[in-house]
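One structure is given here, and the rest of the page talks about it.
The values are calculated or read from the model by the stated rules, or taken from the named source; none is laboratory data. None of these values were measured; they are calculated from a predicted model. We place every Cβ from the backbone using ideal geometry, glycine too, and count neighbours over all the protein chains shown.
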Ligand SMILES: [Zn+2]
Ligand SMILES: [Zn+2]
């Protein structure tokens, strides 16, 4: 079975965040019925080809498709120069503003703050500058219990109730926020960690996230090869998940030597049962429903 290189799409409301952009990503996006024009943010973990060789194709296709909206690109040192040179020597220019922000790959620090979520860079240990990305949803407002709310309340009153404030109506009636609303679910979080040597310090960075993506290139019988190439084994990914107390672990970035992924899944589940495989084209909720 042929597997494509790394690319993940994190969707939140109407915003979509592309994480890595291996060769063929734009073709795959269309295949799974995603319009690339919806993209606003792209994050590249490192400059090995299997994580960004699809980027220049995607960027130039967006331009040909008459994109005019701003696009933000985050990635390691060198990526901005590479894009600039590729455009220069193909005598091309983009129709839209591309904002490149270089990641200081050895550090954990916030890199993006949108109305919906924050993104942090997290240091990974690989053969070249590599960064993971941690996405945290911001706390949401309380949810209205519509069935018991008096009809036709003004918008301001609804807003106050959702913010946890009590409301007094013009006729003197008092509405208590904790009666007419329920707490929002706790904010969700997703950490993307590929490629990396197993290192326990990473657990502190991703402590308690709902979903952790951690690479599992090899089975543990090849742990020496994993260490030499700065990759991890399925067992190590699971150990990291256990150490960090995450909700669920998703493994991926499997070596092409594994046609059947079951042994990788079994090995991880023996250490951390709430493990799933990253499978091309499949969608996963950051927090398991029910
Ligand atoms: Zn790599
Ligand atoms: Zn890789």
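Odds and ends about this structure:
- Which listed residue, of 96, 89, is more than 20 Å from the chain's Cα centre (by Cα) and without any contact (Cβ under 8 Å) to a residue 12 or more places away in the chain: 89
- Here is the figure for segment 251-271: residues that are touching a helix residue (DSSP H, G or I) at 6+ places or on another chain (Cβ under 9 Å) and away from ligand 2 (no atom under 15 Å from the Cβ) total 9.
- Counting residues in segment 205-228 that are over 23 Å from residue 113 (Cα atoms), touching a residue at least 60 places away in the same chain (Cβ under 8 Å), surrounded by fewer than 21 Cβ atoms within 10 Å (Cβ to Cβ) and not assigned by TED's automatic domain parsing to the domain that holds residue 160 gives zero.
- Residue match in segment 100-111 (condition: within 29 Å of residue 64 (Cα to Cα) and either within 16 Å of ligand 2 (Cβ to nearest atom) or touching a helix residue (DSSP H, G or I) at 6+ places or on another chain (Cβ under 7 Å) (or both)): yes
Table: residues versus (1) within 18 Å of residue 193 (Cα to Cα); (2) in the same structural domain as residue 126 (by TED's automatic domain parsing); (3) in contact with a helix residue (DSSP H, G or I) (Cβ under 7 Å, 6 or more places away or on another chain); (4) within 16 Å of ligand 2 (Cβ to nearest atom).
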| site | (1), (2), (3), (4) |
| --- | --- |
| 19 | yes, no, no, yes |
| 25 | no, no, yes, yes |
| 34 | no, no, no, no |
| 44 | yes, no, yes, yes |
| 56 | no, no, yes, no |
| 61 | no, no, yes, no |
| 84 | no, no, no, no |
| 90 | no, no, no, no |
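- Selected residue (only one of 156, 152, 178 is in a loop (DSSP other than H, G, I, E, B), more than 28 Å from the chain's Cα centre (by Cα) and farther than 21 Å from residue 267 by Cβ): 152
- Residues being touching a residue at least 12 places away in the same chain (Cβ under 8 Å) and farther than 23 Å from residue 95 by Cβ - total across segment 32-58: 8
- Selected residue (criterion: farthest from residue 227 (Cα to Cα)) from residues of segment 184-201 that are surrounded by fewer than 19 Cβ atoms within 10 Å (Cβ to Cβ), modelled with pLDDT of 95 or more and away from ligand 1 (no atom under 16 Å from the Cβ): 187
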